[in-house]
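The values are calculated or read from the model by the stated rules, or taken from the named source; none is laboratory data. Just so you know, these numbers come straight off a predicted model, no measurement behind them. Don't worry about glycine lacking a Cβ; one is built from the backbone with ideal geometry, like all the others, and counts go over all protein chains shown.
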Amino acid sequence: MANQRLTDKTELAEQVGSGDLLMVVDVNDTTGSSAGTSKKQDFKYLMQTDKISLSNAEILDLETNEKVLVGALSGYMITVFNVTVLCTHNMPTESARRDIFFGFEDTSDSVYWSKIDDIMDSIGEDVSYVTQAQDQARSYSSLGSLINKPFVCWAQNSGFNGGWTADVYVTYAYTKVL
């Protein structure tokens, strides 16, 4: 509504995400007034959490086909803060002892942002995993520039063999690279 104070607006009582807009005053743009110009900003440029659901077929195929968790945005890099994986157990129970990797490319199992070792191995119930960037001598974020790269997950070696599914929550922000 026009001429309504921000404090009089209806409260958004849930998590914001991509496509949700914020109003900001750009103090570097004085075309609107000497104090700055009002502009809209998509929340994805601040921080957001996306949910990506992986079917059992997608999990079983992670060695061959990586799953894009956060899409690339031209001229931006993705800053990932946290990944939470909520796994739902189904039969058969996982027995492959495989790792799931997260990173900006799946060209090598020694180049990754983080990984979960032996995910769901011999576990006969639902389980949750939380991971952040790992600071290890052999763990690299990327072999090259992070600009214009998606954030993906993949599996090592011969893949998984269990009957589980997963909801992956990725908390991240897009960062403009000048």
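For the stretch 39-59, a residue qualifies if it is part of a strand (DSSP E or B) and touching a Lys or Arg at 6+ places or on another chain (Cβ under 8 Å), and the qualifying residues are I52, L54. Of the residues in the stretch 37-52, at least one is among the β-branched types (V, I, T), farther than 25 Å from D118 by Cα and over 23 Å from the mean Cα position of the chain (by Cα). L62 meets the stated requirement of being in contact with a Cys (Cβ under 9 Å, 6 or more places away or on another chain), part of a loop (DSSP other than H, G, I, E, B) and at pLDDT 85 or above.
A quick yes/no check of all residues on (1) at pLDDT 90 or above; (2) within 25 Å of E94 (Cα to Cα); (3) over 18 Å from the mean Cα position of the chain (by Cα); (4) not assigned by TED's automatic domain parsing to the domain that holds I52:
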| residue | (1), (2), (3), (4) |
| --- | --- |
| Y129 | yes, yes, no, no |
| A137 | no, no, yes, no |
| G144 | no, no, yes, no |
| P150 | yes, no, no, no |
| W164 | yes, yes, yes, no |
| D167 | yes, yes, no, no |
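The C-beta contact set for the stretch 10-31 (first residue part of a strand (DSSP E or B), second residue of a type in the set (F, W, Y), distance under 7 angstrom, 6+ apart or interchain) comprises L22/F43. Filtering V80, V70, V85 for residues that are in contact (Cβ under 8 Å) with a residue 60 or more places away in the chain, touching a Pro at 6+ places or on another chain (Cβ under 9 Å) and assigned by TED's automatic domain parsing to the domain that holds V168 leaves a single hit, V70. Exactly one residue out of S55, S38 is surrounded by 10 or more Cβ atoms within 10 Å (Cβ to Cβ), assigned by TED's automatic domain parsing to the domain that holds N90 and modelled with pLDDT of 80 or more: that is S55.
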